[in-house]
Structure formats: C-alpha cells, structure tokens
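The values are calculated or read from the model by the stated rules, or taken from the named source; none is laboratory data. This structure is a prediction, so every number in the text was calculated from the model and none was measured. We place every Cβ from the backbone using ideal geometry, glycine too, and count neighbours over all the protein chains shown. These area figures cover heavy atoms from the full protein model, side chains too; ligands, DNA and RNA do not enter into them. Shrake-Rupley method; radii C 1.70, N 1.55, O 1.52, S 1.80 Å.
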Amino acid sequence: MYEGVIQNLIDELGRLPGVGPKGAQRIAFHLLAADSEDVRRLAAALIEVTERVRFCKTCGNVAEAEECRICLDTRRDPSVICVVEEPKDVAAVEKIREFRGRYHVLGGAISPIDGVGPDDLRIRELMARLADGTVTMGLRVTRPASGLPVGGDLEYADEVTLGRAFEGRRLLDV
C-alpha cells in the first residue's frame, strides 16, 4: 500500500504478536510523527534487549545474567517449583505476590498441529531438576483452581482472579 521504508516498517511491525495491519500502520505513523529522540530511545532499547537478555540456565526465565533474579534469590524455597509455559507467565504469577518458590519455564506448549512435541520443550531440564534431590519426591502436583479458563494465558488474568486461583490450587493425581 505504501512504498519503501514506510511499508517495510509497517510490515515489520505487523509481524509482532497482536499487531494487525491497521495497528502496524497506526504505530508506524505514530513513530513518524514522534520526536526523533523518542524513536532513537525505542530503537536503542530494542537493540539492547536483543544483546543483553538471555534465558536463565536454571529455569528458562528471562535474565540479564546466567541466572534470573528469582533463581538467585536465597529467600525463595527451592523445593517448590511452579511450572509455566512462557516467561510472561512468571511475571503474571509474580504480580500476585503469593508464590515464594522457584519456577520452570517450558518454553511453549505441546501442539501437534504446530509440530511442537515434548522434545521441543524444556521437559528434560525439568526432569533433571526434579531428580537432583532439591524437590522432594513424593511431590504434590497441583493446578490452579477455578477462575482461569483452560488454555487461557495467565498474562490476561487480573491479579485478584489469578491470586484466588493460585490460593485454591487443586491436587492432581500423578
């Protein structure tokens, strides 16, 4: 629809999750109208995040060092692990300030339609963490209580609903 660099910008913005063609166009024209210093700060932040952020070697959460701040926090209970799909789920659970254990980020969900199987996720790493003796075997596996839709993203749940679902976890038979 547009030419050259403007269309390239719109196309790149449209590749972002949750940004459709109209949203990409709105963002592109917002950036064109914005103060050039603001745009430079945004560009610098994007470059910096790609250069400095990695995944925690222990849990798979985002980190700026070998391990994330949660894995390095000695006040957290290493014998309790909350298994989540993505790093954004760690942030959602952290917002409710109820969980004092550690996390394990799988890095996605099994989806045969998308060709994602167990070997594509961080399940082996989870099993290794469970086998190291920190988490006591005879473990209890729970799932969030009602209030969260099955398959729903934790990031979209409000803090009250997520807090109640977390407090009322249900024991699963394993």
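A few comments on the model shown:
- Per-region count, the range 13-25, residues closer than 14 Å to MET1 by Cα, open to solvent by 100 Å² or more (accessible area, probe 1.4 Å) and in contact with a helix residue (DSSP H, G or I) (Cβ under 9 Å, 6 or more places away or on another chain): 1
- Long-range neighbours under 8 Å by Cβ, at least six apart or interchain, first residue within 17 Å of LEU13 (Cβ to Cβ) within the range 33-44, second open to solvent by less than 60 Å² (accessible area, probe 1.4 Å): VAL39/LEU31; LEU42/LEU31
- Within this structure, ALA63 fails the test of being open to solvent by 70 Å² or more (accessible area, probe 1.4 Å) and without any contact (Cβ under 8 Å) to a residue 24 or more places away in the chain.
- Residues located in the range 98-124, provided they are touching a residue at least 24 places away in the same chain (Cβ under 8 Å) and open to solvent by 80 Å² or more (accessible area, probe 1.4 Å): GLU98, ARG100
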